[in-house]
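A short worksheet on the structure shown next.
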Amino acid sequence: MRMMPISLCRPGMRLAKRIYSDDGIVLLAEGVELTSKLIRRLGECGISFVYIQDSRTDDLSVPELLSDETQRRTLQTIRSVFQDFGNASGRSKSGTYPYVGRKMKEVMQMIMDDLSGNKDAMIMLMNLHTVDHYLYMHSMNVCVYTTLLGMASGYSHDELVTLGIGALLHDVGKTQISMQVLLKPGALSAYEFDEMKRHTERGFYLLKDEPNIPILAAHCAYQHHERLNGSGYPRGIKGDEIHDYARWIGIVDSYDAMTSHRVYRDAMLPHQAVEVLYSGSGTLYDVSKLQLFRDKVAIYPIGLSVKLNTGQSAVVCDINSTCAHRPIIRVLTDEEGIELKTPFDMDLSKHLNVLISKIEINAEEMNTMPA
């Protein structure tokens, strides 16, 4: 399989990986032949890229961080909880939602069970979903990525549950923001930006008195836009005043936002988003946290087309969990760009003189790709 921007997909190509709705339901199965209508519809639904079958790379597979059932249950729970907070249905006489904490703990256990099954799991792109409501998918992604980082940091089971719930609910305050502001395709006005920033305070006040939600989870909603140098919001607190959980979520929230399609811009690839994060190392984000994050991110996703400093073209075919920026690649052409009759795999962690010089996703290369 190969990863391809939806803008370069052509009728007749076949999907190599399923596409889900924002409820976690399979919309298009593996092997479905793309038509002009399907390609257009996927673009309208916010799909930035798809995996396409390619005879030279058909043996490649992209591991799923979560099972289909866990994704479905998590997304349905997030939708239900956010909708209840948004329209005040299901509120008890005390003004709280006693069921929320129980539901969150249930899905967190499912997520942790899936992730703990692979101690070397990497942060992989998870946006092969339609984005009918970006908030739900984003909340799940941030939870999964943050939980992986918490596991790598050695957090206990109870700490991971609290961290994960905080990540699942970090943006719950956006249920109190008008859809016109949330979904505005252009730049926000000063008033609209101030309104958007209030989601942190509103999230905290929604969660702080919930009987089954840890108070630290409420502080994750409050603090995830605070930054080390005090330039964040809503309070402009600095350094150790920001809880560790919120600092993790701040990094992951920014990363997932950059690597997801939004109404006002296309998604970045992981290596681009990591570079942006690193520009804030030591000022916006903790250096040590960014280092661990970088080590756990699959910077070059499986199926990505790359150009080497040798002039050869290749496709990423596996991730080195101990050296994420040096993946295993499948070399497809020689130094002159002529297609090899027998492609071969190369582990870049063992060939230090060979470098990825550019990401090769362009119309010319894709037009020559075998069906």
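Considering the stretch 1-17, and only residues there that are surrounded by fewer than 18 Cβ atoms within 10 Å (Cβ to Cβ) and part of a loop (DSSP other than H, G, I, E, B), the residue that is modelled with the lowest pLDDT turns out to be 10. Each residue in the stretch 302-329 was checked for being of a type in the set (S, T, N, Q), open to solvent by 10 Å² or more (accessible area, probe 1.4 Å) and part of a strand (DSSP E or B), and 1 of them qualify.
I need the full set of residues from the stretch 81-98 which are modelled with pLDDT of 65 or more and open to solvent by 50 Å² or more (accessible area, probe 1.4 Å), in order please. Once the filter is applied, which keeps residues that are modelled with pLDDT of 65 or more and open to solvent by 50 Å² or more (accessible area, probe 1.4 Å), the stretch 81-98 yields 83, 87, 98. Taken over the stretch 156-167, the criterion of being polar (S, T, N, Q) and either open to solvent by 30 Å² or more (accessible area, probe 1.4 Å) or farther than 20 Å from residue 70 by Cβ (or both) is satisfied by 156 alone.
Among all residues of the stretch 116-135, there is at least one that is closer than 27 Å to residue 16 by Cα, more than 14 Å from the chain's Cα centre (by Cα), assigned to a helix (DSSP H, G or I) and at pLDDT 85 or above. With respect to residue 343, determine if the residue is of a type outside the set (A, V, I, L, M) and open to solvent by less than 20 Å² (accessible area, probe 1.4 Å). No. Scanning the stretch 137-192 for residues that are within 19 Å of residue 286 (Cβ to Cβ), outside any helix (DSSP H, G or I) and in contact (Cβ under 8 Å) with a residue 24 or more places away in the chain gives 153, 170.
Does the stretch 350-360 include one or more residues that are touching a strand residue (DSSP E or B) at 6+ places or on another chain (Cβ under 7 Å), in a loop (DSSP other than H, G, I, E, B), touching a residue at least 40 places away in the same chain (Cβ under 8 Å) and of a type in the set (Asp, Glu)? Yes: one or more hits. The conditions of being within 28 Å of residue 46 (Cα to Cα), modelled with pLDDT of 90 or more, open to solvent by 10 Å² or more (accessible area, probe 1.4 Å) and of a type in the set (S, T, N, Q) are not met by residue 231. The set of residues from the stretch 29-66 being open to solvent by 50 Å² or more (accessible area, probe 1.4 Å) and either within 18 Å of the chain's Cα centre (by Cα) or in contact (Cβ under 8 Å) with a residue 40 or more places away in the chain (or both) comprises 53, 55, 58, 61, 63, 64.
Taking the stretch 206-240 as the range and being in contact (Cβ under 8 Å) with a residue 12 or more places away in the chain and in a helix (DSSP H, G or I) as the test, the residues that pass are 206, 207, 216, 217, 218, 219, 220, 221, 222, 223. Please indicate, with yes or no, whether at least one residue in the stretch 41-64 is part of a helix (DSSP H, G or I), charged (D, E, K, R) and out of contact with any helix residue (DSSP H, G or I) (no Cβ under 7 Å at 6 or more places or on another chain). Yes, the stretch 41-64 has at least one match.
Of the set (1) buried (at least 20 other Cβ atoms within 10 Å of the Cβ); (2) of a type in the set (Val, Ile, Thr); (3) at pLDDT 95 or above; (4) not in a strand (DSSP E or B), all apply to residue 299 but (3).
Search the stretch 168-225 for residues being surrounded by 15 or more Cβ atoms within 10 Å (Cβ to Cβ) and among the acidic types (Asp, Glu), and hand back the single one that is farthest from the chain's Cα centre (by Cα). If we take residues in the stretch 168-225 being surrounded by 15 or more Cβ atoms within 10 Å (Cβ to Cβ) and among the acidic types (Asp, Glu), then 210 is farthest from the chain's Cα centre (by Cα).
The values are calculated or read from the model by the stated rules, or taken from the named source; none is laboratory data. No experiment lies behind these values; they were computed from the predicted model shown. Virtual Cβ from ideal backbone geometry, glycine too; neighbours counted across all protein chains shown. Ligands, DNA and RNA are excluded from the accessible area calculation, which covers all protein heavy atoms including side chains. Shrake-Rupley method; radii C 1.70, N 1.55, O 1.52, S 1.80 Å.
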